[in-house]
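The values are calculated or read from the model by the stated rules, or taken from the named source; none is laboratory data. Owing to the predicted nature of the structure, the values given are computational and were not obtained by experimental measurement. As a convention, Cβ positions derive from the backbone with ideal geometry for all residues, glycine included, and neighbour counts pool all protein chains shown.
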Amino acid sequence: MKTKTSRKIIMKSWIIIGMVLTTILMFYMREKPEASSVKIIATEQSKQIAPKEQSEVIKEEPKIENKLSIKPVGKVVYLTFDDGPSQLTGRFLDVLKEHDVKATFFMQGVNLQNTNLQDNVKRATSEGHYVGAHSMTHNSKRLYTDGKFVQEMNETIAIIHDLTGENPKLVRAPYGSVPGLDNEQLRNQIVEANIKVWDWTIDSLDWKLKNNPYQIVENVKNGTSRDIEVVLMHEVSQTLQVLPNIISFYKERGYKFGVYNDFLHFPLNFHNDKRL
Ligand SMILES: [Zn+2]
C-alpha cells in the first residue's frame, strides 16, 4: 500500500512538473515575438539616433584618412620650393600658372612676417598651391640641439593660418630630417603635435648652382627614376630661370603634377618613420 501511494505521489508530482514546464514553455513562446518587437523598437530608436552619429562619423573621416598612407597612383611629381616667401614668389607663381602646374611651398616664419611678401603667400594658396612650414629661424642649433622644432613649426603654421585661413600640417625640416631629427624624442613630440614631415626624393642642389642653372635641370633629370618624385628646390633666381625646362621634362615623361594635401598624406622621410 505504502509503495502504491508513494508511486501515485511521484506520478502526480511529475504531472505537476510537466504542467509547470509546459506553461513556462508556452509563456516563453508567447513572449518571444514581444521580445523581438522590443528589439525592433530598440533598433528604430538607434536609427533615430543614427543621423547625429553619422554626422559625427563624417566629420571624423578626414582624420581617419589622414592616418592612412594614400599614395597617388601613376607617375606624379611634387615640385617643392623652400625658404620663401621671397621677392621672387610672384614670378614663381606666374610660371606655374602659365604651365598650369600646382606646387608645394615650405615657407619660413621670418619671411612670412615681412608684410611686403604676404600678398603672394595669399595668392599661392588661392591659386591652389600648398603652403607648408619651414620653421621660424631655419637655425639648426635652435631647432635640433635646443629642441624648439615643434614650437617653431607651430608658430610658422599659425602665421600661415592668419594670412591664408589654411591650417597646414606638413612641414619640411631645414637641412632635412637627417641628421636633424635623429633624436627620437623630437620625432615623438612631432607626432604628438600631429605634424607631418616631408623630405624629398630628388635634391636639385639648386642653391649652389647660381652660375650653372642648367645643371639644376640635369640633376633633376638624373634623379628621376620613381613613379612618385618629390623635388627639392628653393626660391632662387637660377631655379626660376630653368623652371619651365623642369616642367617640360616631367610633362614629356608623362608625369602629373601633384600638390600636397593634408587629407591624402603619405609618409616621405629619411627616417622611414611612418608616423610622420
Ligand atoms: Zn631651407
Within the stretch 178-215, tally of residues that are assigned to a loop (DSSP other than H, G, I, E, B) and exposed (fewer than 14 other Cβ atoms within 10 Å of the Cβ): 5
Residue within the stretch 239-256 that is more than 19 Å from Asp206 (Cβ to Cβ), of a type outside the set (Ser, Thr, Tyr) and in a loop (DSSP other than H, G, I, E, B) present: yes
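Of all residues in the stretch 137-147, how many are over 14 Å from Gln108 (Cβ atoms) and without any contact (Cβ under 8 Å) to a residue 40 or more places away in the chain?
Taking the stretch 137-147 first, the residues over 14 Å from Gln108 (Cβ atoms) are 141, 144-147.
Subset that is without any contact (Cβ under 8 Å) to a residue 40 or more places away in the chain: 141, 145-146.
Final tally of qualifying residues: 3.
In the list Lys63, Lys52, Lys71, which residue meets the criterion of being among the basic types (Lys, Arg), within 18 Å of the chain's Cα centre (by Cα) and at pLDDT below 50?
Details: Lys52 fails: within 18 Å of the chain's Cα centre (by Cα); Lys71 fails: at pLDDT below 50.
Within the list Lys63, Lys52, Lys71, the selection yields Lys63.
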Residue, farthest from the ligand (Cβ to nearest atom), within the stretch 78-88, restricted to residues that are closer than 18 Å to Ile159 by Cα and surrounded by fewer than 23 Cβ atoms within 10 Å (Cβ to Cβ): Ser86
Qualifying positions in the stretch 158-197 - of a type in the set (Val, Ile, Thr), within 16 Å of the ligand (Cβ to nearest atom) and touching a residue at least 60 places away in the same chain (Cβ under 8 Å): Val171, Val178, Val197
Residue list for the stretch 145-177, filter: farther than 19 Å from Phe81 by Cβ and of a type outside the set (S, T, N, Q): Asp146, Gly147, Lys148, Phe149, Val150, Glu152, Glu155, Ala158, His161, Asp162, Gly165
Any hit, the stretch 253-276, residues being more than 23 Å from Glu127 (Cα to Cα), touching a Pro at 6+ places or on another chain (Cβ under 7 Å) and of a type in the set (A, V, I, L, M, F, W, C): yes
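Looking for something more than 27 Å from Tyr250 (Cα to Cα) and more than 16 Å from the ligand (Cβ to nearest atom) - is there at least one such residue anywhere in the stretch 128-146? Outline the logic, then answer.
The first filter runs over the stretch 128-146 and keeps only residues more than 27 Å from Tyr250 (Cα to Cα), leaving 135-146.
Retained after the next criterion (residues that are more than 16 Å from the ligand (Cβ to nearest atom)): 145-146.
Yes, that holds for at least one residue.
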Residues of the stretch 91-120 classified as farther than 20 Å from Gln241 by Cβ, part of a helix (DSSP H, G or I) and within 16 Å of the ligand (Cβ to nearest atom), total: 5
Candidates Glu235, Glu218 - the one that is buried (at least 20 other Cβ atoms within 10 Å of the Cβ) and either within 16 Å of the ligand (Cβ to nearest atom) or under 19 Å from Phe81 (Cα atoms) (or both): Glu235
